[in-house]
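One structure is given below, encoded as structure tokens.
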Amino acid sequence: MYERKKTRVIKVGNVPIGGENPIVIQSMTNTDTCDVNRTVEQIRELMIAGCEIIRIAVPSFEAAAAIKQIKRSISIPLIADIHFDYKLALASINSGVDGLRLNPGNIGGYQNVLKVLEAAKVRKIPIRIGVNSGSLSKEKIAKYGVNAKSIVESALEHVAILEKANYHEMKISVKAASVPLTLESYRLLSEKVDYPLHLGITEAGTEFVGTIRSSIGIGALLAEGIGDTIRVSLTANPIEEVKVAKEILKSLNLRKGLKIISCPTCGRTEIDLISIAKEVEKKLRIFADYDLTVAIMGCVVNGPGEAREADFGIAGGKKEGLIFKKGEILKKVPEKQLVDILVSVIQENVL
């Protein structure tokens, strides 16, 4: 792991971003924002899953007006996603939003940008500048093509608009569907600015493919010390985005929490390891916020010896298995009782 780059600190609502603050997990609702009840319901579900900042689409003044009601029912910061119409940004600010996602260059001229910034300054509302490879201007593409230089230069032009107005409460993203292009863009941008960076792979894909692409892209950058907030973009229930984001952070030791490790199946395995691992994962959700490592190993070759650093675990035998704690064998039990007894042991020692 590289040393994390020290960026300036901004606040979205009550959540600090940048500096030495923890990497923040974000997601976005996929509900109709005007449907306040459903939007609030989904935000609460995402909060329970571990989401710390939530973004909503604001395509209309009705959606901007709904922000007031939504804010009354949630306790995490709310960001309005704005495109093209600066008046929607103003309406969202008036409704009490905590942050804006917009590109200053596409909301109708510098004077309109100034109006938004003046309103944002009063309430200390930060702005995320988001440039994607698919949103580059024709001029940029003609000059450079679609590459890291054109993406970063476009982002810096938007940054310059805010800086010209003496506004510095911003974070930046430079995402692409291509993982290598995303990596190159963030590395280049990180050399040029000290603003917090929001990481993600745009249009990453469905749950399986998108998880892989996002884990590689976001994980590589975080491992290099780049990034202050993340969103895993999946064509799936947003809750899955949050789950993947948490696992990325835990895998890099950037976030504490339950880690379940399990070995691959092989010809030595004489228990139903796949089913057992899935059942353990399900039944240990109550320990999601505990700093625990639990190992599910298929045979004595892989555990408890190889998994001795785990806090608790299972090592399979022939239709039975061992329950162990920090490499020490506690008991031998039949296969059908392995999961329940493991859970009981963890409860006795942790709760």
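The values are calculated or read from the model by the stated rules, or taken from the named source; none is laboratory data. The model shown is predicted, which means the values in this text are computed figures rather than measured ones. For neighbour counting, all protein chains shown are included, and Cβ atoms are generated from backbone atoms with ideal geometry for every residue, glycine included. Surface accessibility is based on the protein's heavy atoms, side chains included, excluding ligands, DNA and RNA. Shrake-Rupley method; radii C 1.70, N 1.55, O 1.52, S 1.80 Å.
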The chain: angle of helix 110-123 to the longest principal axis, Cα-based, in degrees nearest 10: 60
Considering only protein heavy atoms, with the full assembly of protein chains and a 1.4 angstrom probe, order 274, 341, 261 by accessible area, largest first. 274, 261, 341
Accessible area expressed per residue, region 199-351, with surrounding protein chains retained (probe 1.4 Å, Å²): 49
Diffusion constant of the chain at 4 °C, which comes from Stokes-Einstein with the Kirkwood Cα-pair radius and 1.567 mPa s, µm²/s: 59
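If you scale each eigenvalue of the Cα gyration tensor by 5 and take the root, what three semi-axes come out for region 69-111, rounded to whole angstrom and sorted largest first?
For region 69-111, the semi-axes come out at 23, 10, 7 Å.
Taking only C-alpha pairs under 8 Å that are 6+ residues apart, what is the relative contact order of the chain in percent?
13
What order do you get for 117-123, 74-80 when each peptide is scored by the mean count of other beta carbon atoms within 10 Å, highest first?
Working: 117-123: 15.3, 74-80: 19.6.
So the order, starting with the most tightly packed, is 74-80, 117-123.
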With everything on Cα atoms, drop me the angle between helix 273-283 and the longest principal axis of the chain, reported from 0 to 90° to the nearest 10. 60
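Give the carbon-plus-sulfur fraction of the accessible surface of region 148-291 in %, rounded to a whole number; probe 1.4 Å, heavy atoms of protein chains only.
Details: 3310 of 6380 Å².
With neighbouring chains kept in place, the figure for region 148-291 is 52 percent.
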Rounded to whole Å and sorted largest first, list the principal axis extents of the Cα atoms in region 195-290. 52, 28, 24
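Over region 1-141, with every protein chain in place, what whole percent of the accessible area is carbon and sulfur at 1.4 Å, could you tell me? Can you show the working numbers first?
Working: 3290 of 6450 Å².
Carbon and sulfur atoms account for 51 percent of the accessible area of region 1-141.
Out of every Cα-Cα pair in region 8-72, what percent are more than 14 Å apart? Kindly include the intermediate steps, with their values, before the conclusion.
On the way: 1246 of 2080 pairs.
Considering region 8-72, 60 percent of its Cα-Cα pairs are separated by more than 14 Å.
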Cα axis of helix 179-192 to longest principal axis of the chain: angle in degrees, 0 to 90, nearest 10? 60
